[in-house]
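In what follows, a single structure is set out as C-alpha coordinates and then discussed.
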Amino acid sequence: MTKQPGAQLSTTDYDHLAASIRSDLHAVTTVRVDDLVLEGSPRLDGENPEHIRLLADSAGALPPITVHRPTMRVIDGVHRVRAAVLTGMSEIEARLLDCDEDEAFLLAVKANITHGLPLSQSDRAAAAARIIGQHSHWSDRAVAMTAGLSDKTVSRIRNRLTSETPQSNARLGRDGRLRPLDSGARRQQAAAMINDKPGAGLREVARATGLSAATVRDVRQRIERGENPVPMKYRAPEECDDDAAAIAVGRVAQPSTSGRVTRIYVPVDVHMLLEKLRRDPSVRFSEAGRLALRWLHQHTVDAADLENLERGLPDHWAATVASLARSCAIEWVRLAEHLERRTT
(Lines give C-alpha, C1' and ligand atoms only; values in the text may rest on other atoms or scores of the structure.)
Protein backbone atom coordinates (compact mmCIF):
# COMPACT_ATOMS: atom_id res chain seq x y z
CA MET A 1 0.00 0.00 0.00
CA THR A 2 1.55 3.32 -1.05
CA LYS A 3 0.39 6.86 -0.84
CA GLN A 4 -0.89 8.83 -3.79
CA PRO A 5 1.57 11.22 -5.46
CA GLY A 6 1.80 14.45 -3.46
CA ALA A 7 -0.13 13.00 -0.50
CA GLN A 8 1.27 12.77 3.02
CA LEU A 9 2.05 9.29 4.29
CA SER A 10 -0.16 8.37 7.22
CA THR A 11 1.10 6.20 10.03
CA THR A 12 -1.71 3.75 9.29
CA ASP A 13 -0.59 3.29 5.67
CA TYR A 14 2.99 2.86 6.85
CA ASP A 15 1.94 0.19 9.38
CA HIS A 16 0.04 -1.70 6.67
CA LEU A 17 3.07 -1.59 4.39
CA ALA A 18 5.41 -2.83 7.12
CA ALA A 19 2.95 -5.58 8.09
CA SER A 20 2.71 -6.80 4.50
CA ILE A 21 6.46 -7.47 4.53
CA ARG A 22 6.38 -9.24 7.87
CA SER A 23 3.54 -11.47 6.74
CA ASP A 24 5.52 -12.60 3.66
CA LEU A 25 2.96 -11.34 1.14
CA HIS A 26 5.78 -10.39 -1.22
CA ALA A 27 7.12 -13.39 -3.13
CA VAL A 28 10.79 -14.32 -2.82
CA THR A 29 12.81 -14.04 -6.01
CA THR A 30 16.48 -14.21 -6.94
CA VAL A 31 18.37 -11.04 -7.89
CA ARG A 32 21.93 -10.42 -9.03
CA VAL A 33 24.15 -8.89 -6.37
CA ASP A 34 25.70 -6.59 -8.99
CA ASP A 35 22.28 -5.05 -9.66
CA LEU A 36 21.77 -3.95 -6.06
CA VAL A 37 22.33 -0.42 -4.72
CA LEU A 38 23.79 -0.37 -1.21
CA GLU A 39 23.99 3.39 -0.63
CA GLY A 40 21.40 5.35 1.33
CA SER A 41 21.40 3.15 4.42
CA PRO A 42 20.36 4.77 7.73
CA ARG A 43 23.75 3.61 9.10
CA LEU A 44 25.86 6.76 9.10
CA ASP A 45 29.16 4.88 9.53
CA GLY A 46 28.45 2.14 7.01
CA GLU A 47 28.45 -1.59 7.64
CA ASN A 48 30.09 -3.50 10.48
CA PRO A 49 32.90 -5.79 9.18
CA GLU A 50 32.66 -8.14 12.17
CA HIS A 51 28.95 -8.64 11.61
CA ILE A 52 29.54 -9.29 7.91
CA ARG A 53 32.13 -11.97 8.76
CA LEU A 54 29.75 -13.53 11.30
CA LEU A 55 27.03 -13.80 8.64
CA ALA A 56 29.48 -15.16 6.06
CA ASP A 57 30.56 -17.91 8.47
CA SER A 58 26.97 -18.80 9.33
CA ALA A 59 26.08 -22.36 8.35
CA GLY A 60 22.35 -21.77 7.99
CA ALA A 61 20.48 -20.00 5.21
CA LEU A 62 20.00 -16.29 5.76
CA PRO A 63 16.57 -14.64 5.41
CA PRO A 64 15.78 -12.93 2.06
CA ILE A 65 16.71 -9.28 1.81
CA THR A 66 14.15 -6.57 1.04
CA VAL A 67 14.73 -4.41 -2.03
CA HIS A 68 13.09 -1.26 -3.39
CA ARG A 69 12.15 -2.47 -6.88
CA PRO A 70 12.18 0.93 -8.73
CA THR A 71 15.77 1.72 -7.68
CA MET A 72 17.04 -1.73 -6.58
CA ARG A 73 18.19 -0.07 -3.36
CA VAL A 74 18.48 -2.51 -0.46
CA ILE A 75 15.92 -1.64 2.22
CA ASP A 76 16.92 -4.39 4.64
CA GLY A 77 19.86 -6.75 4.37
CA VAL A 78 23.00 -4.81 3.35
CA HIS A 79 25.12 -6.90 5.73
CA ARG A 80 23.72 -10.07 4.12
CA VAL A 81 24.62 -8.76 0.68
CA ARG A 82 28.18 -7.99 1.82
CA ALA A 83 28.41 -11.47 3.32
CA ALA A 84 27.20 -12.98 0.05
CA VAL A 85 29.90 -11.10 -1.86
CA LEU A 86 32.50 -12.24 0.68
CA THR A 87 31.57 -15.89 0.09
CA GLY A 88 31.64 -15.49 -3.70
CA MET A 89 27.88 -15.54 -4.34
CA SER A 90 26.61 -13.66 -7.39
CA GLU A 91 22.90 -13.95 -6.57
CA ILE A 92 20.80 -13.57 -3.45
CA GLU A 93 17.19 -14.15 -2.48
CA ALA A 94 15.10 -11.01 -2.13
CA ARG A 95 11.62 -9.62 -1.78
CA LEU A 96 11.00 -6.75 -4.20
CA LEU A 97 8.86 -3.96 -2.85
CA ASP A 98 7.00 -1.31 -4.88
CA CYS A 99 6.85 1.91 -2.87
CA ASP A 100 8.36 5.38 -3.03
CA GLU A 101 11.85 6.15 -1.72
CA ASP A 102 10.52 7.90 1.36
CA GLU A 103 8.61 4.80 2.41
CA ALA A 104 11.66 2.68 1.61
CA PHE A 105 13.76 4.71 4.04
CA LEU A 106 11.14 4.40 6.80
CA LEU A 107 11.05 0.64 6.32
CA ALA A 108 14.85 0.49 6.37
CA VAL A 109 14.92 2.28 9.71
CA LYS A 110 12.19 0.12 11.18
CA ALA A 111 13.82 -3.09 9.98
CA ASN A 112 17.18 -2.18 11.47
CA ILE A 113 15.82 -1.53 14.96
CA THR A 114 13.78 -4.74 15.18
CA HIS A 115 16.25 -7.41 14.05
CA GLY A 116 19.80 -7.96 12.86
CA LEU A 117 22.49 -5.48 13.93
CA PRO A 118 20.64 -2.60 15.62
CA LEU A 119 21.17 0.99 14.53
CA SER A 120 23.32 3.07 16.88
CA GLN A 121 21.81 5.86 18.94
CA SER A 122 23.29 8.48 16.60
CA ASP A 123 21.88 6.60 13.57
CA ARG A 124 18.43 6.57 15.16
CA ALA A 125 18.61 10.26 16.04
CA ALA A 126 19.62 11.14 12.47
CA ALA A 127 16.80 8.97 11.12
CA ALA A 128 14.29 10.66 13.45
CA ALA A 129 15.44 14.10 12.25
CA ARG A 130 14.92 13.03 8.63
CA ILE A 131 11.48 11.57 9.41
CA ILE A 132 10.41 14.77 11.17
CA GLY A 133 11.60 16.79 8.18
CA GLN A 134 9.60 14.65 5.76
CA HIS A 135 6.58 14.00 8.02
CA SER A 136 6.26 16.96 10.37
CA HIS A 137 2.61 16.00 10.92
CA TRP A 138 3.61 12.74 12.65
CA SER A 139 3.38 12.77 16.42
CA ASP A 140 6.49 12.37 18.57
CA ARG A 141 5.27 8.92 19.56
CA ALA A 142 4.83 7.84 15.94
CA VAL A 143 8.35 8.99 15.04
CA ALA A 144 9.74 7.40 18.21
CA MET A 145 8.23 3.99 17.44
CA THR A 146 9.61 4.08 13.90
CA ALA A 147 13.12 5.23 14.87
CA GLY A 148 13.42 3.22 18.07
CA LEU A 149 13.74 6.22 20.38
CA SER A 150 11.84 7.61 23.34
CA ASP A 151 9.14 10.25 22.93
CA LYS A 152 11.22 12.74 24.93
CA THR A 153 14.26 12.24 22.69
CA VAL A 154 12.15 12.83 19.57
CA SER A 155 10.64 15.93 21.17
CA ARG A 156 14.13 17.35 21.78
CA ILE A 157 15.12 16.61 18.19
CA ARG A 158 11.95 18.29 16.91
CA ASN A 159 12.56 21.37 19.05
CA ARG A 160 16.08 21.62 17.67
CA LEU A 161 14.77 21.43 14.11
CA THR A 162 11.83 23.80 14.58
CA SER A 163 13.74 26.86 13.37
CA GLU A 164 14.98 24.98 10.30
CA THR A 165 12.02 22.82 9.30
CA PRO A 166 8.42 24.02 8.74
CA GLN A 167 6.22 22.34 11.32
CA SER A 168 2.65 21.22 10.92
CA ASN A 169 0.06 22.71 13.30
CA ALA A 170 -1.24 19.22 14.05
CA ARG A 171 0.17 15.80 14.87
CA LEU A 172 -0.91 12.46 13.40
CA GLY A 173 -0.91 9.78 16.09
CA ARG A 174 -0.37 6.04 15.81
CA ASP A 175 -4.14 5.59 15.87
CA GLY A 176 -4.47 7.64 12.67
CA ARG A 177 -6.19 10.58 14.38
CA LEU A 178 -5.01 14.12 13.63
CA ARG A 179 -4.73 16.19 16.80
CA PRO A 180 -4.20 19.98 16.86
CA LEU A 181 -1.13 21.42 18.57
CA ASP A 182 -2.96 24.54 19.72
CA SER A 183 -4.90 22.62 22.38
CA GLY A 184 -4.55 25.53 24.79
CA ALA A 185 -6.26 28.01 22.46
CA ARG A 186 -9.01 25.50 21.66
CA ARG A 187 -9.56 24.81 25.33
CA GLN A 188 -9.93 28.55 25.89
CA GLN A 189 -12.51 28.74 23.10
CA ALA A 190 -14.38 25.81 24.66
CA ALA A 191 -14.36 27.54 28.07
CA ALA A 192 -15.75 30.72 26.51
CA MET A 193 -18.51 28.74 24.77
CA ILE A 194 -19.38 26.89 27.98
CA ASN A 195 -19.58 30.26 29.74
CA ASP A 196 -21.84 31.75 27.05
CA LYS A 197 -23.99 28.61 26.62
CA PRO A 198 -24.03 26.65 29.90
CA GLY A 199 -26.52 24.18 28.43
CA ALA A 200 -24.38 23.28 25.40
CA GLY A 201 -23.63 19.57 25.15
CA LEU A 202 -20.14 18.13 25.03
CA ARG A 203 -20.48 17.11 21.37
CA GLU A 204 -21.73 20.54 20.36
CA VAL A 205 -18.74 22.27 21.96
CA ALA A 206 -16.39 19.63 20.56
CA ARG A 207 -17.65 20.19 17.00
CA ALA A 208 -17.34 23.96 17.35
CA THR A 209 -13.78 23.89 18.74
CA GLY A 210 -12.23 20.84 17.09
CA LEU A 211 -11.61 19.15 20.44
CA SER A 212 -12.67 15.69 21.53
CA ALA A 213 -15.69 15.30 23.76
CA ALA A 214 -13.40 13.98 26.51
CA THR A 215 -11.28 17.14 26.37
CA VAL A 216 -14.38 19.34 26.50
CA ARG A 217 -15.52 17.38 29.57
CA ASP A 218 -12.15 18.06 31.19
CA VAL A 219 -12.49 21.78 30.41
CA ARG A 220 -15.95 21.85 31.98
CA GLN A 221 -14.77 20.00 35.08
CA ARG A 222 -11.83 22.38 35.48
CA ILE A 223 -14.16 25.37 35.35
CA GLU A 224 -16.48 23.76 37.91
CA ARG A 225 -13.50 23.21 40.22
CA GLY A 226 -12.43 26.82 39.77
CA GLU A 227 -9.28 25.85 37.86
CA ASN A 228 -7.76 27.26 34.70
CA PRO A 229 -9.32 25.40 31.74
CA VAL A 230 -5.85 25.07 30.20
CA PRO A 231 -3.32 22.82 32.00
CA MET A 232 0.12 24.31 32.60
CA LYS A 233 1.80 22.22 29.89
CA TYR A 234 -0.44 23.77 27.20
CA ARG A 235 0.06 27.38 28.22
CA ALA A 236 2.40 29.87 26.59
CA PRO A 237 5.13 31.19 28.93
CA GLU A 238 3.75 34.72 28.78
CA GLU A 239 0.45 33.47 30.21
CA CYS A 240 2.28 32.42 33.38
CA ASP A 241 3.95 35.85 33.80
CA ASP A 242 0.88 37.98 33.17
CA ASP A 243 -0.24 40.88 35.33
CA ALA A 244 -2.37 40.83 38.45
CA ALA A 245 -5.47 39.90 36.46
CA ALA A 246 -4.05 36.37 36.30
CA ILE A 247 -5.34 35.73 39.80
CA ALA A 248 -8.77 35.12 38.26
CA VAL A 249 -8.61 31.33 38.13
CA GLY A 250 -11.33 31.23 35.51
CA ARG A 251 -9.61 33.56 33.05
CA VAL A 252 -9.40 32.46 29.43
CA ALA A 253 -8.17 34.11 26.23
CA GLN A 254 -10.53 34.23 23.27
CA PRO A 255 -9.10 35.03 19.81
CA SER A 256 -11.16 37.59 17.89
CA THR A 257 -11.73 37.79 14.15
CA SER A 258 -8.98 40.41 13.95
CA GLY A 259 -6.48 37.95 15.40
CA ARG A 260 -6.08 39.88 18.66
CA VAL A 261 -6.65 38.13 21.97
CA THR A 262 -9.42 39.35 24.24
CA ARG A 263 -9.31 38.44 27.92
CA ILE A 264 -12.59 37.20 29.32
CA TYR A 265 -13.50 35.78 32.71
CA VAL A 266 -15.33 32.56 33.42
CA PRO A 267 -17.39 33.18 36.58
CA VAL A 268 -16.24 31.15 39.58
CA ASP A 269 -18.37 30.66 42.69
CA VAL A 270 -15.70 31.61 45.23
CA HIS A 271 -17.88 30.98 48.28
CA MET A 272 -18.82 27.50 47.04
CA LEU A 273 -15.16 26.58 46.53
CA LEU A 274 -14.21 27.88 49.96
CA GLU A 275 -17.02 25.86 51.52
CA LYS A 276 -15.79 22.70 49.77
CA LEU A 277 -12.32 23.33 51.16
CA ARG A 278 -13.66 23.93 54.65
CA ARG A 279 -15.59 20.62 54.66
CA ASP A 280 -12.58 18.56 53.54
CA PRO A 281 -11.00 16.87 56.63
CA SER A 282 -7.58 16.70 54.94
CA VAL A 283 -7.62 20.51 54.81
CA ARG A 284 -9.49 21.30 58.02
CA PHE A 285 -7.36 19.04 60.26
CA SER A 286 -3.91 20.02 58.96
CA GLU A 287 -1.90 23.07 59.98
CA ALA A 288 -1.19 24.05 56.35
CA GLY A 289 -4.83 23.53 55.43
CA ARG A 290 -6.13 25.72 58.24
CA LEU A 291 -3.60 28.43 57.33
CA ALA A 292 -4.75 28.28 53.70
CA LEU A 293 -8.39 28.60 54.75
CA ARG A 294 -7.65 31.65 56.92
CA TRP A 295 -5.68 33.35 54.16
CA LEU A 296 -8.27 32.59 51.50
CA HIS A 297 -11.16 33.81 53.66
CA GLN A 298 -9.30 37.00 54.54
CA HIS A 299 -7.94 37.84 51.09
CA THR A 300 -10.64 36.64 48.71
CA VAL A 301 -12.53 39.51 47.07
CA ASP A 302 -15.24 39.82 44.45
CA ALA A 303 -15.92 42.45 41.80
CA ALA A 304 -18.27 44.46 44.01
CA ASP A 305 -15.69 44.66 46.83
CA LEU A 306 -13.05 45.86 44.42
CA GLU A 307 -15.31 48.53 42.94
CA ASN A 308 -16.14 49.88 46.40
CA LEU A 309 -12.47 49.87 47.34
CA GLU A 310 -11.46 51.66 44.15
CA ARG A 311 -14.09 54.38 44.58
CA GLY A 312 -13.21 54.94 48.23
CA LEU A 313 -9.45 55.39 47.85
CA PRO A 314 -8.13 58.97 47.47
CA ASP A 315 -6.38 59.69 44.18
CA HIS A 316 -3.03 60.51 45.75
CA TRP A 317 -2.78 56.93 47.10
CA ALA A 318 -3.96 55.22 43.90
CA ALA A 319 -0.46 54.49 42.54
CA THR A 320 0.79 53.16 45.89
CA VAL A 321 -2.16 50.82 46.41
CA ALA A 322 -1.90 49.69 42.80
CA SER A 323 1.75 48.78 43.37
CA LEU A 324 0.92 46.86 46.54
CA ALA A 325 -1.99 45.05 44.86
CA ARG A 326 0.18 44.09 41.90
CA SER A 327 2.92 42.80 44.21
CA CYS A 328 0.43 40.65 46.13
CA ALA A 329 -1.07 39.39 42.87
CA ILE A 330 2.31 38.24 41.60
CA GLU A 331 2.86 36.14 44.72
CA TRP A 332 -0.62 34.62 44.45
CA VAL A 333 0.03 33.80 40.79
CA ARG A 334 3.30 32.11 41.74
CA LEU A 335 1.48 30.00 44.32
CA ALA A 336 -1.24 29.12 41.77
CA GLU A 337 1.36 28.00 39.23
CA HIS A 338 3.16 25.79 41.74
CA LEU A 339 -0.11 24.17 42.78
CA GLU A 340 -1.26 23.66 39.18
CA ARG A 341 2.01 21.92 38.27
CA ARG A 342 1.14 19.27 40.84
CA THR A 343 -2.06 18.41 38.94
CA THR A 344 -0.63 18.26 35.36
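The values are calculated or read from the model by the stated rules, or taken from the named source; none is laboratory data. Since the structure is predicted, the reported quantities are computational estimates derived from the model, not experimental observations. Note that we place each Cβ from the backbone using ideal geometry, even for glycine, and neighbour counts take in every protein chain shown. Note: accessible area is taken over every heavy atom of the protein model, side chains too, but ligands, DNA and RNA are not part of it. Shrake-Rupley method; radii C 1.70, N 1.55, O 1.52, S 1.80 Å.
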Can you compute the modelled spin-label distance between GLU310 and MET272, with each label point 7 Å from Cα toward Cβ, in nm? 2.6 nm
Highest to lowest packing among 190-203, 280-293, 66-79, scored as the average C-beta count within 10 Å: 66-79, 190-203, 280-293
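Quick one, can you get me the convex hull of the C-alpha atoms of segment 41-94 expressed as volume per residue in Å³?
Spelled out: Cα convex hull of segment 41-94, divided by residues, is 78 Å³.
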1/(1 + (r/R0)^6) with r = Cβ-Cβ of ASP35 and LYS152, R0 = 56 Å, i.e. FRET efficiency to nearest 0.05, evaluates to 0.85
Restricting to DSSP loop positions (anything but H, G, I, E, B) with no more than 13 other Cβ atoms inside 10 Å of their own Cβ, which GluC sites (Glu not before Pro) remain in segment 24-128? GLU39
How far apart, in nanometres, would the label points at LEU335 and ALA27 be if each is projected 7 angstrom from Cα along the Cα-to-Cβ direction? 7.7 nm
Segment 183-222: C-alpha gyration tensor shape, a/c 1.5 cut-off, then a/b vs b/c: rounded
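Could you report segment 86-151's accessible area per residue, 1.4 Å probe, as an integer in Å²?
Result: 39 Å² of accessible area for each residue.
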So, in nm, how far is label ARG342 from label ALA61 when the simple model puts each one 7 Å beyond its Cα toward the Cβ? 6.5 nm
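Report the FRET efficiency, 1/(1 + (r/R0)^6), for ASP280 and ASP100, where r is their Cβ-Cβ distance and R0 is 56 Å, rounded to 0.05.
Result of the calculation: an efficiency of 0.40.
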Rounded to the nearest 0.05, FRET efficiency between LEU161 and ALA208 (Cβ-Cβ, R0 30 Å) equals 0.35
Amide H neighbours of ILE75 under 5 Å, at least 5 residues apart or on other chains, H built in the peptide plane: list them. THR66, VAL67, HIS68
What are the residues whose amide H is under 5 Å from the amide H of TRP138, where those residues sit 5 or more places off or on another chain and H is modelled from the backbone? LEU172
